[in-house]
Amino acid sequence: MRMKPAFEIRERSRVYVGPVGDLLTGALPEGRVVVVTDATVERLFAPLLAPYERLLVGQGEASKTLRTVGELYERLIDLGADRSTFILGVGGGIVTDVAGFVASTYMRGLRFGFVATTLLAQVDASVGGKNGVNVAGYKNMAGCFAQPDFVVCDPAMLCTLPDREFRAGLAEMVKAALIADGDLFAALERSSFAALREAPEQLRDLITAAIRVKADIVGRDERERGERRKLNLGHTLAHAIEKCSDRMNHGEAVAVGIALMAGAARRLGLLDAAQCDRIVGLLERLGFDLQPPFLWSGCSARRDTTRRASRGRSTSCFRPVSATAWCATSRRRSLRRSLRMPGSEGLPGLRSMDAPARGASRNKGKRSGRHA
Ligand code: GLY
């Protein structure tokens, strides 16, 4: 039976929120399906995946490489996969990034869909059609925009996630709330980490709200020519943190990035102290450690952590000295631009923070998303 999707992005990509069993059966096309997943997800969801041929990728950011892509192409050739084969990526952000990229390029492109098994993948990584891998230590340097036919997000699948990975997804939820949904922000404030872990119904509503923010933005700006940059809130700083320290996963680093941007916005007079306190207070209540894991000054020598061709030139995204120093130096104007979002429909009374300025890098960064 064909179910009604919660969202349809650009009339090409359906996003379902609900029980995976029914939804997957309804969403998959007739014909051959090859699953791309990792060993943990394969073990945890063995009955769901048993009917399909499966290809495994390694876990962690180190697997998000062209080498993995090449190996998957070879395995698909061995299996005799052709243009009629459907690729189903089942896992967190790393699996969906790699599976989407392989599917979009093997034999010039196969149809594909995702079952997102981590909170971070459900509210951010699997939705919106960004697929790619890292190259030479640079994040997401090879990839494509290609929308999956569908994404299935089943909150019940999250019960196997370790707390830390679950929390990582909450950072992206807070980000979505800050960008465009004051009610979501208030709902998160009323809730708690423990309650979110234990109340699947409430979680389902919040996941749906967070996806709505992303689906709406991607619907208007699929290729990140403008508004989609909002979805990178906190991510430029997070990326620097991830590059300079192994202590934080992507979501944890995003939480620090959001808090730093809130502090910078307050200092620039773009956010009043009470609103800044609300943002920081929510992140702390959800259990995030908001101390950057190193002294910013120690990182300045490694500022060239991220290079991107941008309007014909390479840019380094961030010179981590300190948020204050950053505001006060030549970056001040960029930061001002990046923080301003007039007419924001976000947190009531909050002049929302935006994505990195034009020309600044916009990395997705490391995705967390490992199950227990
Ligand atoms: N994760 C940010 C985006 O998809 O644009």
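With a 1.4 Å probe and all protein chains in place, put Asp205, Asp78 in order of accessible area, largest first.
Asp78, Asp205
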Could you tell me the distance between the Cα centroids of the stretch 116-141 and the stretch 227-289, to the nearest Å?
19
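Starting from the Cα coordinates of the stretch 201-273, work out the convex hull volume and express it per residue in Å³.
Hull volume normalised by residue count: 139 Å³.
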With every protein chain kept in place and ligands, DNA and RNA left out, what is the accessible area per residue of the stretch 147-223? Probe 1.4 Å, answer in Å².
34
Order of 252-265, 18-31 by packing, highest average Cβ count within 10 Å first?
252-265, 18-31
Just to verify a number: what accessible area does Ser84 come out at with the full protein assembly present, 1.4 Å probe, Å² rounded to tens?
80
Where the eigenvalues come from the Cα gyration tensor of the stretch 132-222, what are the semi-axes √(5λ) of the equivalent ellipsoid, largest first, in whole Å?
25, 17, 14
Computed over the Cα atoms, what is the radius of gyration of the stretch 7-80 divided by 2.2 N^0.38 Å, N being its residue count?
1.27
Please report, in whole Å, how far the alpha carbons of the stretch 15-173 spread along each principal axis, starting with the longest.
38, 38, 26
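The values are calculated or read from the model by the stated rules, or taken from the named source; none is laboratory data. Keep in mind that what you see is a predicted model, and the values were worked out from it rather than measured. Quick reminder, even Gly has a Cβ in these numbers, built from the backbone with ideal geometry, and neighbours come from all protein chains shown. Calculation scope for accessible area: heavy atoms of the full protein, side chains included, ligands and nucleic acids excluded. Shrake-Rupley method; radii C 1.70, N 1.55, O 1.52, S 1.80 Å.
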